[in-house]
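Chemist: Before I ask anything, here is the structure I am working with.
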Amino acid sequence: MKTRFWISDFFDISGGALRALTHMPRRRKEILSQIVSIGVESLPIITLATVFSGVVVSSEIAWHMDKALHTVSMIPGFTGQFILRELGIAIPAMLLISKAGAAITAEIGSMKITEQLDALKLLKINPKEYLVMPIWIGSQVALVCLTLFSIAITLACALGIAILNHGFTAGEYLNALEKLVSARDLGVAVIKAWVFGAVFPLVSCTYGFRCQGGAQGVGTATTQAVVTGTMVTIVIDFVLTYLLVR
Amino acid sequence: MSAFFFELGRFSLFFREIWHTLLNTKHNLRPIIAQTSEVTIRSLSTVVFSGFFVGGILVVQFNAVLAQYDAQIFLGGLNTSALIREVGPLIISFLLAGKVGAFTAAELGTMRVTEQIDAIECLGTNPIQYLILPRFFGIVLASMILLSTGLLVSVIGSMGFATALCGLNPLQFAQSIPRFTDITTLLSGFLRAAIYGVIVAGVCCYQGYTATGGAKGVGRAVTRAAIYTNLYIVIANYITGLWIHLLLGESS
Amino acid sequence: MSIRFEAVQKSFGPKHILDGISFEAAPGEILFILGKSGMGKSVTLKHIVGMLKPDSGRVWVEDLSVGDQDAQGLVQVRTLCGMVFQHPALLDSLTIFENIAFGLRRLARLNEAEIDDRVRETLALVHLPESVLQQYPIELSYGMQKRASLARTLAPKPKYLLFDEPTTGLDPVSTQTINQLIFELSRKLKVTSLVVSHDMQCALKIADRILVLDSGKILSLADVKTTVKSKEPLIRSFIEETLNLLAPEERKKLEL
């Protein structure tokens, strides 16, 4: 069955990435360039998305709080918790999967159909180790950084909304925030971002390496990579949330 | 930056063309129905699968927060409300942008670069009427169908996860729902779904229709479609949130 | 009455693709439009069917000024002029029958039986077997797709045929076939054909006149025998190579 082959390719590629870790020091420059291309290029779009979501979420939570508990004093706490535990991680992840995930698949897929992968093999370079590793590390670092960045901005927006709409002062807000949000939450965010950042590039690479059928095949693979990457991330998010958020 | 506004301008012209064609040409419902069912069937499993787990994520998150205040009785209502109003439409539209949107952009893009769209025009048919209208409305209608299904599955999934993992029983879960959700919640959710559907349909049809440059161009069109769709959805999320609060008089 | 260009200018950004060209196609002739890549050959054809509008000057198809037509007028123009694109451009989701009938359903008023007859008639003109009618484009070879797309253009019986690089990308045998077909059809159906091409050999064999474009201007517009004797360096460079490939009888026909 096709899924079986996909899964075996997936593990093959993941193994390749792990094996190539020993080359990390030698390939610093490439890894850095991947971090930049994956992370920095997505920065504008993630900033924009984060600002808008931050504002929306704060308003929504405030509205719900009002309905449930008739109090606004805990808005900073709840908002902060939700941002650190879920929203601040999900938004950059979703956007990165569609942008970088698609780009990775498209690039590797193109290399496959233009026989560049074969060329590498003839030079005794295993493309599954050589190409995947920088992308893999790059994605992890990029997503963690983008997540932290996104969390900071979302919190800032939430702060802004609270000041404008609910009469908080910055000091009050930060105090209330501190009461409910702890370093543990930040740790959860980093772990989640790290795991997401490690999984989606492997999914994208797998689709890229399995690409067939010329330019159209590259297009199909790209779409599938984004959809599968998103779905896998949702499931992992669920599992991690259950395990870590208590 | 100016390129962005130029693109936005061309994009609005595209919408105007669609509107114009819609008003001025005879219509045939069959292609629209065909497209709608095709899109729905293609994306159903993805939407159901994801909806189920997103429900689970929210349930666990909210449970953790509410448990701090012993307010778990509100879990059902809070979860359902958040799902229907915000999270459901957002996640499902993201997925549709990826699955449906990219597919449509690729299909139209390929037709464009192989001159099929030019051929249609030279053979006396308006390509907007023949190609774009059925796809556009097919995607919008399918989005609404898929969204409703997805939301239903999410809510049921949430209930299931709440029972299995958070120690509530279904009755307790359902009890608080009316407190947080009413007709405005449903309207709000559907309005968002319709708007996001229009965005997915519009952006992806536009990018595919205006693709240039051979196979690589198609790839670029697909990537741009995915990115812009997600971006516009997030912005639209914000704007509809504002309007809904204004129109339905809910203050924050 | 025919296809006429009057001082047509067209620029894309800073580049002048067409810089004041004027010519008229003689009714019933086969006119080849030659030139280096990017010199405006396809752009010329696109003006005739109204896919592009001139920045200044006019393009006439009989008594219709193409650039000034509304949607209805454009349909008229496109009924008169059939365009065969560089790609076969067959619609992937329709059978060959439906593809060929596509223009008929919109450009001609025929009932189903008449459409059926016309499709089969046109199929025979391009020497394709009836078995392809129920197949989809993807099931046909590239050469057959090209012929099917030719059939599609011919079905509404246009008076003018426009070919955009008809033999680019084809193997030598298919190239011969298509060239032969263009010649045969032009004579049989008494249509005026404008062929944009790189294929000088083909031009020398089947064209009545050759129009050479360079830097947006007409370098030469003359019958084949005159063109072959031209002293223009660009034309000479096109010709030298090709002449060596011609068979002796063909060279004699050109009076060399």
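The values are calculated or read from the model by the stated rules, or taken from the named source; none is laboratory data. Being a predicted model, the structure only gives us computed values, none of them experimental. As a convention, Cβ positions derive from the backbone with ideal geometry for all residues, glycine included, and neighbour counts pool all protein chains shown. Protein only, heavy atoms only, side chains kept; ligands, DNA and RNA dropped before computing areas. Shrake-Rupley method; radii C 1.70, N 1.55, O 1.52, S 1.80 Å.
Chemist: If you take the residues of the stretch C:77-98 that are within 9 Å of chain B (Cβ to nearest Cβ) and in a helix (DSSP H, G or I), which of them is least open to solvent (accessible area, probe 1.4 Å)?
Modeler: C:78
Chemist: Against the conditions (1) open to solvent by 30 Å² or more (accessible area, probe 1.4 Å); (2) within 23 Å of residue A:95 (Cβ to Cβ); (3) within 14 Å of chain C (Cβ to nearest Cβ), where does residue B:121 fall short? Just the number, please.
Modeler: The number of the failed condition is (2).
Chemist: For the stretch B:132-142, does any single residue satisfy the condition of being within 14 Å of chain C (Cβ to nearest Cβ), surrounded by fewer than 22 Cβ atoms within 10 Å (Cβ to Cβ) and either closer than 27 Å to residue C:69 by Cβ or in contact with a Ser or Thr (Cβ under 9 Å, 6 or more places away or on another chain) (or both)?
Modeler: Yes, there is a match, as at least one residue in the stretch B:132-142 is within 14 Å of chain C (Cβ to nearest Cβ), surrounded by fewer than 22 Cβ atoms within 10 Å (Cβ to Cβ) and either closer than 27 Å to residue C:69 by Cβ or in contact with a Ser or Thr (Cβ under 9 Å, 6 or more places away or on another chain) (or both).
Chemist: Another one. Please find, within the stretch C:27-51, the residue that is farthest from residue C:167 (Cα to Cα) out of those that are more than 14 Å from chain B (Cβ to nearest Cβ) and open to solvent by 40 Å² or more (accessible area, probe 1.4 Å). Outline the logic, then answer.
Modeler: Restricting attention to the stretch C:27-51, the residues satisfying the condition of being more than 14 Å from chain B (Cβ to nearest Cβ) are C:27-41, C:44.
Those left that are additionally open to solvent by 40 Å² or more (accessible area, probe 1.4 Å): C:27, C:36-39.
Values: C:27: 23, C:36: 16, C:37: 15, C:38: 17, C:39: 18 Å.
Step by step, filter the stretch C:27-51, then rank; the result is C:27.
Chemist: Turning to a different aspect of this structure: Out of (1) out of contact with any Gly (no Cβ under 8 Å at 6 or more places or on another chain); (2) more than 12 Å from every other protein chain (Cβ to nearest Cβ); (3) small (Gly, Ala, Ser); (4) buried (at least 20 other Cβ atoms within 10 Å of the Cβ), what's the single condition that is false for residue B:167?
Modeler: With (1) out of contact with any Gly (no Cβ under 8 Å at 6 or more places or on another chain); (2) more than 12 Å from every other protein chain (Cβ to nearest Cβ); (3) small (Gly, Ala, Ser); (4) buried (at least 20 other Cβ atoms within 10 Å of the Cβ) applied to residue B:167, the lone miss is (4).
Chemist: For the stretch B:170-189, which residues satisfy the criterion of being open to solvent by less than 70 Å² (accessible area, probe 1.4 Å) and under 13 Å from residue B:147 (Cα atoms)?
Modeler: Step one: of the stretch B:170-189, the residues open to solvent by less than 70 Å² (accessible area, probe 1.4 Å) are B:170, B:173-174, B:176-177, B:180-181, B:184-185, B:188-189.
Matches in the stretch B:170-189: B:188, B:189.
Chemist: On to the next question. Output the residues belonging to the stretch B:190-236 that are hydrophobic (A, V, I, L, M, F, W, C), open to solvent by 20 Å² or more (accessible area, probe 1.4 Å) and more than 9 Å from chain A (Cβ to nearest Cβ). Before you say what the answer is, go through the steps one by one.
Modeler: Restricting attention to the stretch B:190-236, the residues satisfying the condition of being hydrophobic (A, V, I, L, M, F, W, C) are B:190-191, B:193-195, B:198-201, B:203-205, B:211, B:215, B:218, B:221-222, B:225-227, B:231, B:233-236.
Cutting the leftovers down to open to solvent by 20 Å² or more (accessible area, probe 1.4 Å) gives us B:190-191, B:194-195, B:198-199, B:215, B:227, B:235.
Answer for the stretch B:190-236, where residues must be hydrophobic (A, V, I, L, M, F, W, C), open to solvent by 20 Å² or more (accessible area, probe 1.4 Å) and more than 9 Å from chain A (Cβ to nearest Cβ): B:190, B:191, B:194, B:195, B:198, B:199.
Chemist: May I pose another question? Examine the stretch B:32-55 for a residue that is more than 18 Å from residue B:154 (Cβ to Cβ), polar (S, T, N, Q) and within 11 Å of chain A (Cβ to nearest Cβ), and state whether such a residue exists.
Modeler: Within the stretch B:32-55, the subset more than 18 Å from residue B:154 (Cβ to Cβ) is B:32-39, B:41-42.
Still in the running and polar (S, T, N, Q): B:35-37.
Okay, now just the ones that are also within 11 Å of chain A (Cβ to nearest Cβ), so none.
No - not one qualifying residue is present in the stretch B:32-55.
Here's the yes/no breakdown for (1) farther than 21 Å from residue C:33 by Cα; (2) basic (Lys, Arg):
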position	(1), (2)
C:106	yes, yes
C:114	yes, no
C:119	yes, no
C:132	yes, no
C:136	yes, no
C:161	no, no
C:165	no, no
C:175	no, no
C:179	no, no
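Chemist: State yes or no: is residue A:42 in contact (Cβ under 8 Å) with a residue 40 or more places away in the chain and open to solvent by 20 Å² or more (accessible area, probe 1.4 Å)? First the steps, then the outcome.
Modeler: Values: in contact (Cβ under 8 Å) with a residue 40 or more places away in the chain: yes; open to solvent by 20 Å² or more (accessible area, probe 1.4 Å): no.
In short, no.
Chemist: Can you name the number of the only condition in (1) within 14 Å of chain C (Cβ to nearest Cβ); (2) assigned to a helix (DSSP H, G or I) that residue B:153 fails?
Modeler: Looking at each condition in turn, residue B:153 falls short on (1).
So that you can scan it fast, the table gives a plain yes or no per residue for (1) buried (at least 22 other Cβ atoms within 10 Å of the Cβ); (2) not hydrophobic (A, V, I, L, M, F, W, C):
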site: C:105; (1), (2): no, yes
site: C:149; (1), (2): yes, yes
site: C:187; (1), (2): no, yes
site: C:190; (1), (2): no, yes
site: C:206; (1), (2): no, no
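Chemist: Since residue C:154 meets every condition but one in (1) open to solvent by 20 Å² or more (accessible area, probe 1.4 Å); (2) closer than 26 Å to residue B:113 by Cα, which condition does it not meet?
Modeler: Here residue C:154 meets the rest and fails (1).
Chemist: Filtering the stretch A:81-134 down to residues that are touching a residue at least 60 places away in the same chain (Cβ under 8 Å) and not in a helix (DSSP H, G or I), which residue is farthest from residue A:155 (Cα to Cα)?
Modeler: A:126
Chemist: Picking from A:71, A:47, which residue would you name as being without any contact (Cβ under 8 Å) to a residue 60 or more places away in the chain, surrounded by fewer than 19 Cβ atoms within 10 Å (Cβ to Cβ) and more than 9 Å from chain B (Cβ to nearest Cβ)?
Modeler: Working: A:47 fails: without any contact (Cβ under 8 Å) to a residue 60 or more places away in the chain.
Every option except A:71 fails the conditions.
One line per residue, one yes/no per condition, for (1) polar (S, T, N, Q); (2) within 12 Å of chain B (Cβ to nearest Cβ); (3) touching a residue at least 40 places away in the same chain (Cβ under 8 Å):
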residue: C:144; (1), (2), (3): no, no, no
residue: C:153; (1), (2), (3): yes, yes, yes
residue: C:158; (1), (2), (3): no, yes, yes
residue: C:176; (1), (2), (3): yes, no, no
residue: C:187; (1), (2), (3): no, no, no
residue: C:201; (1), (2), (3): yes, no, yes
residue: C:208; (1), (2), (3): no, no, yes
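Chemist: Residue pairs, Cβ under 8 Å, 6 or more apart or interchain, first in the stretch C:2-29 and free of Cβ contacts under 8 Å to residues at least 24 places away in the same chain, second open to solvent by less than 30 Å² (accessible area, probe 1.4 Å). List them.
Modeler: Cβ pairs passing all conditions: C:24/C:2; C:24/C:3; C:24/C:5.
Chemist: Suppose we filter C:167, C:177 for residues that are hydroxyl-bearing (Ser, Thr, Tyr), surrounded by fewer than 21 Cβ atoms within 10 Å (Cβ to Cβ) and closer than 30 Å to residue B:125 by Cβ; which single one remains?
Modeler: Values: C:167 fails: surrounded by fewer than 21 Cβ atoms within 10 Å (Cβ to Cβ).
Only one candidate passes the filter, namely C:177.
Chemist: Restricting to the stretch B:70-118, give me the number of residues that are at positive phi and either more than 8 Å from every other protein chain (Cβ to nearest Cβ) or at pLDDT below 85 (or both).
Modeler: Within the stretch B:70-118, the subset at positive phi is B:70, B:115.
Checking which are either more than 8 Å from every other protein chain (Cβ to nearest Cβ) or at pLDDT below 85 (or both) leaves us with B:70.
Total satisfying the criteria: 1.
Chemist: Does residue C:74 count as out of contact with any Lys or Arg (no Cβ under 7 Å at 6 or more places or on another chain), part of a helix (DSSP H, G or I) and open to solvent by less than 10 Å² (accessible area, probe 1.4 Å)? Show your work before the answer.
Modeler: On the way: out of contact with any Lys or Arg (no Cβ under 7 Å at 6 or more places or on another chain): yes; part of a helix (DSSP H, G or I): yes; open to solvent by less than 10 Å² (accessible area, probe 1.4 Å): no.
Spelling it out, it is not the case that residue C:74 is out of contact with any Lys or Arg (no Cβ under 7 Å at 6 or more places or on another chain), part of a helix (DSSP H, G or I) and open to solvent by less than 10 Å² (accessible area, probe 1.4 Å).
Chemist: Next up: For the stretch A:201-211, give me each residue that is closer than 21 Å to residue B:220 by Cβ and either in contact with an Asp or Glu (Cβ under 8 Å, 6 or more places away or on another chain) or assigned to a loop (DSSP other than H, G, I, E, B) (or both).
Modeler: A:208, A:211
Chemist: Of the residues in the stretch A:55-64, how many are more than 7 Å from chain B (Cβ to nearest Cβ) and either under 14 Å from residue B:90 (Cβ atoms) or surrounded by fewer than 21 Cβ atoms within 10 Å (Cβ to Cβ) (or both)? Don't jump to the end; show me each part of the working.
Modeler: Our first condition is that a residue be more than 7 Å from chain B (Cβ to nearest Cβ); within the stretch A:55-64, this holds for A:57-58, A:61.
Now narrow it down to the ones that are either under 14 Å from residue B:90 (Cβ atoms) or surrounded by fewer than 21 Cβ atoms within 10 Å (Cβ to Cβ) (or both): A:57.
Total meeting the criteria: 1.
Chemist: Can you confirm whether residue A:11 is of a type in the set (Phe, Trp, Tyr) and within 14 Å of chain B (Cβ to nearest Cβ)?
Modeler: Numbers: of a type in the set (Phe, Trp, Tyr): yes; within 14 Å of chain B (Cβ to nearest Cβ): no.
Taking the combined requirement at face value, the residue does not satisfy it.
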